[in-house]
1. What's the exposure ranking of Thr200, Thr378, Thr97, going from fewest to most Cβ atoms within 10 Å?
2. Say we join alpha carbon atoms closer than 10 Å with springs in a Gaussian network model of the chain; which of Pro95, Pro353, Pro56 then has the biggest fluctuation?
3. Name the residues whose placed amide hydrogens come within less than 5 Å of the amide hydrogen of Cys92, ignoring near sequence neighbours (fewer than 5 apart) on the same chain.
4. Kindly provide the trypsin sites (Lys or Arg not before Pro) of segment 116-189 that DSSP labels as loop, not H, G, I, E or B, and whose Cβ sees at most 11 other Cβ atoms within 10 Å.
5. For helix 161-174, what angle does its Cα long axis make with the longest principal axis of the chain, in degrees from 0 to 90 and rounded to 10?
6. Quick one: dipole size for segment 183-305, taken about the Cα centre, charges +1 on Lys/Arg Cβ and -1 on Asp/Glu Cβ, in debye to the nearest 20.
7. Pop out the ³J(HN,Hα) list for segment 108-113 in order, Karplus 6.51 cos²θ - 1.76 cosθ + 1.60 with θ = phi - 60°, rounded to Hz; leave Gly and Pro as x.
8. Choose one of Ala247, Ala169, His181: the residue whose Cα lies farthest towards the positive end of the charge dipole of segment 155-258 (beta-carbon charges +1 Lys, Arg; -1 Asp, Glu; about the Cα centre).
Amino acid sequence: MTTLLVRNGRVIDPASGRDGTMDVAVRDGKIVEIGAGLSVSDADRVIDAADRIVAPGLIDPHVHFREPGHEEKETIETGSLAAVAGGFTTVCCMPNTQPALDCPELIRFVYDRAAERAVCRVFPIGAVSKGRAGERLAEISLMHDAGAVGFSDDGDAVASAGLMARALAEVRETGAALMQHCQEPTLTHEAVMHAGVVSTRFGLTGWPRVAEEVIIERDIRLNRDIGCRYHVQHVSSAGSVEIIRRARADGQPVTAEVSPHHLLLTDEAVDRSGAPDAMAKVNPPLREQHDIDALRQGVADGTITVLATDHAPHTSEEKSRPIEDTPFGLIGLEAALALYVKALIEPGLVGWPKLIELMTTSPAALCGLEAKGLGRLTPGGPADLTIIEPEIEWTIGPESLAGKGRNTPFMGWTVKGRAETVVVAGTVRLDRRASTTAGTGAGTVALPVS
Ligand SMILES: [Zn+2]
């Protein structure tokens, strides 16, 4: 196994409070030492991290890798390449595959496929209901025993209050979180985008904020007598932030995540020179400036605890259909870090230590990954590292994307901050400094150095 020495980086580890210029020594897939002036005589490789940030490997608790069933959009392998290109060493896959991840066999399938093909760690989220049909509970405790790290019917809400109450009770017994896609279906029938002036302009059916807010309110009320860990996925509305803030102040076990696009884009992004743009069709939809302001404030004051991409790849053919017929979703992994910098660090709402906490310790806690030593830098713990160039400017383009999806409304944006080197379990999986396809063996992400 390889021995690595990462020297002179600004090591930021929110879990331990470490923040200073230090070295990190890695051997046999584990961190052996963190401190100033380390010397490792037999290092296979020394990485100079001066002017770089050395963080625990970033964790994304919400991705769609489409396998099994829609491998034309993404696979566990190609999704993991996108993850590593974006600086992520761990991702959690949503269960809206075909078939849905609703039984222990399919949970094990994700682990097996990831072990064969993936260049980062991949953990499955189990479905709440059988086939995600919202009628009968899936095999929650058996899936948990097989390694599901959370439960969600993402793509759809658990709409039935009766089923949701039973699900909260059953998930509570596992200690995992129930992650809800908050969308009241009878309020969003045939909806394409946010209900506002742009949907009116185009005559498109709108998806109102209240459809998200009523599910959150209801779930918090249901859960008051149950006490399951309840997590709101991809918050989009200012009103939702306020509901979550009150519940947390009241001591309820509620957490929430937000995605890059909801922190940066309004529904005006759907209007591309007077025509509706399917690239900006996402669920929940892009809303208005005051929602963006509230979401950013929610991150800054600790109401929103986790950042998640909701990476949702689709084929170019699907995304070139008329907006009513194109599927919801955008890709997110490759550019997320830089987009969070733009949305949160550049306006002065958070600093790097807080941003890294939102992308490491917080998602690790959400998905119960601390017990595996993930989301932190600890001697003896797994050597998952993300080395970040905080000041580099780059442009989001097709050549910067490593997964199969090209569906992003951020194409052509110039952004700042990028993962330069990514180490997963002691193996270099991304190395933008090397002149060729760099790294140590098969499965290293091939990207231009630029
Ligand atoms: Zn969702």
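1. Working: Thr200 10, Thr378 14, Thr97 24.
So the ranking, lowest neighbour count to highest, is Thr200, Thr378, Thr97.
2. In this elastic network of the chain, the residue with the biggest mean-square fluctuation among Pro95, Pro353, Pro56 is Pro353.
3. Asp60, His62, Val63, Phe123
4. Passing both the DSSP loop test and the Cβ count: Arg136.
5. 20 degrees
6. On the way: 13 positive and 18 negative charges, 41 e Å.
Using only the charged Cβ atoms, the result is roughly 200 debye.
7. 5, 4, 4, 4, 5, 5
8. My answer, from the dipole projection, is Ala247.
Each reported figure results from applying straightforward, stated rules to the coordinates on display, with no laboratory input. Fair warning: this is a prediction, and the values are worked out from it, not measured in the lab. A quick note on method: Cβ atoms are made from the backbone with ideal geometry, for glycine too, and the neighbour counts reach across all protein chains shown.
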